[in-house]
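See structure below.
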Amino acid sequence: MNEERVPVRQWQALYRTGAFYTSEYSAMEKAGWYNWNCSSESLAERLKNLANVVMGVTHPFILDHYFILCRNLSSRFDKLYDEVGFVPLVEEEQRKCFWITLDDPYHRKKWSLFTGRYGDDAPEFDCGDIQTLLQYINRIASELEQDLMVPFVQEKRAAARYAHRFRGEPGEVRIYRNGEHQYSYRSKLDGQEHTIIVTADLKDTPPSFILGQVERYGELYVFGAELSIPEKTPVRPKTVQRGGRER
């Protein structure tokens, strides 16, 4: 692979000029392709979908401090899918990398975003539409620039620990992030998806939770949401009939 690393801002400019609209090897290499299972003739077409992600990035930190890598991968289901990676130009910053897969059969949504901070076992964020994805990328750019320690990294670890210790899950557990303090995983024991809430404040737990079902790991409280008692619907008292009339 060519060692030339094109910053994202320059990549966008090249794409606008049509530099990557050809299937020539040198052009595809400059676009960032370094591994593929599809035919080389189809790379330019596949790049169009990935380019929608790259071209939607607007934050200066990503534009000027990252370069692009692309892969076409094959799953165990013999389904091909694509990945675009954003890699820091400075090797010492590799922990700030992130990558996005499109129609990844291993995961649950159309777009899956993985980060060095969250790990490669499950996406930090996933969604079904590209605009939502781009909003998330441009939002986390400042966190990556400042190298902030986001709380959900520790929350994810606590959720995995809960799945192993409280649920008895064997082996690796893919912990998906569903939103603020909410996570889920698909059980290897019953095949069902289970929701876990992890928070440093019990105010963030559901109103119907049972305190005895909350595990505490350090400063975090971990709670299996499906263990909460559903709120009961008030039962309307039966009317009493007197003298043939209902009262």
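The values are calculated or read from the model by the stated rules, or taken from the named source; none is laboratory data. Since the structure is predicted, the reported quantities are computational estimates derived from the model, not experimental observations. Quick reminder, even Gly has a Cβ in these numbers, built from the backbone with ideal geometry, and neighbours come from all protein chains shown.
A few notes on this one:
- All of LEU227, LEU189, LEU211, LEU148 fail the test of being out of contact with any Ser or Thr (no Cβ under 6 Å at 6 or more places or on another chain), at pLDDT below 85 and exposed (fewer than 14 other Cβ atoms within 10 Å of the Cβ), apart from LEU211.
- When we screen THR22, THR58 for residues that are over 29 Å from GLN146 (Cβ atoms), part of a loop (DSSP other than H, G, I, E, B) and in the same structural domain as ASP126 (by TED's automatic domain parsing), the only hit is THR22.
- The set of residues from the stretch 25-44 being assigned to a loop (DSSP other than H, G, I, E, B) and surrounded by 13 or more Cβ atoms within 10 Å (Cβ to Cβ) comprises GLY32, TRP36, CYS38.
- Residue pairs whose Cβ atoms lie under 8 Å apart, separated by 6 or more positions or on different chains, with the first residue in the stretch 150-174 and on the phi > 0 side of the Ramachandran plot and the second surrounded by fewer than 17 Cβ atoms within 10 Å (Cβ to Cβ), are GLY168/LEU189; GLY171/LYS188.
- Among residues of the stretch 80-108, those that are closer than 14 Å to TRP36 by Cβ and among the charged types (D, E, K, R), counted: 2
- Checking each residue in the stretch 109-145 for being under 17 Å from GLY56 (Cα atoms) and either of a type in the set (A, V, I, L, M) or modelled with pLDDT under 95 (or both) picks out LEU113, ILE130, LEU133, LEU134, ILE137, ILE140, ALA141.
- For LEU63, the conditions (1) touching a residue at least 40 places away in the same chain (Cβ under 8 Å); (2) assigned to a loop (DSSP other than H, G, I, E, B); (3) in contact with a helix residue (DSSP H, G or I) (Cβ under 9 Å, 6 or more places away or on another chain) are fulfilled apart from (2).
For (1) modelled with pLDDT under 95; (2) surrounded by fewer than 16 Cβ atoms within 10 Å (Cβ to Cβ); (3) more than 23 Å from the chain's Cα centre (by Cα); (4) farther than 22 Å from LEU133 by Cβ, each residue gets a yes or a no:
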{"site": "ASN2", "(1), (2), (3), (4)": "yes, yes, yes, yes"}
{"site": "TRP11", "(1), (2), (3), (4)": "no, no, yes, no"}
{"site": "ALA19", "(1), (2), (3), (4)": "no, yes, yes, yes"}
{"site": "VAL54", "(1), (2), (3), (4)": "no, no, no, no"}
{"site": "LEU63", "(1), (2), (3), (4)": "no, no, no, no"}
{"site": "LEU69", "(1), (2), (3), (4)": "no, no, no, no"}
{"site": "PHE86", "(1), (2), (3), (4)": "no, no, no, no"}
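Every residue, every condition in (1) within 30 Å of HIS65 (Cα to Cα); (2) assigned to a helix (DSSP H, G or I), yes or no:
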| position | (1), (2) |
| --- | --- |
| ASP126 | yes, no |
| GLN135 | yes, yes |
| GLU145 | yes, yes |
| ARG161 | no, yes |
| GLY168 | no, no |
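- So SER112, is it assigned to a strand (DSSP E or B), not assigned by TED's automatic domain parsing to the domain that holds TYR183 and not acidic (Asp, Glu): yes
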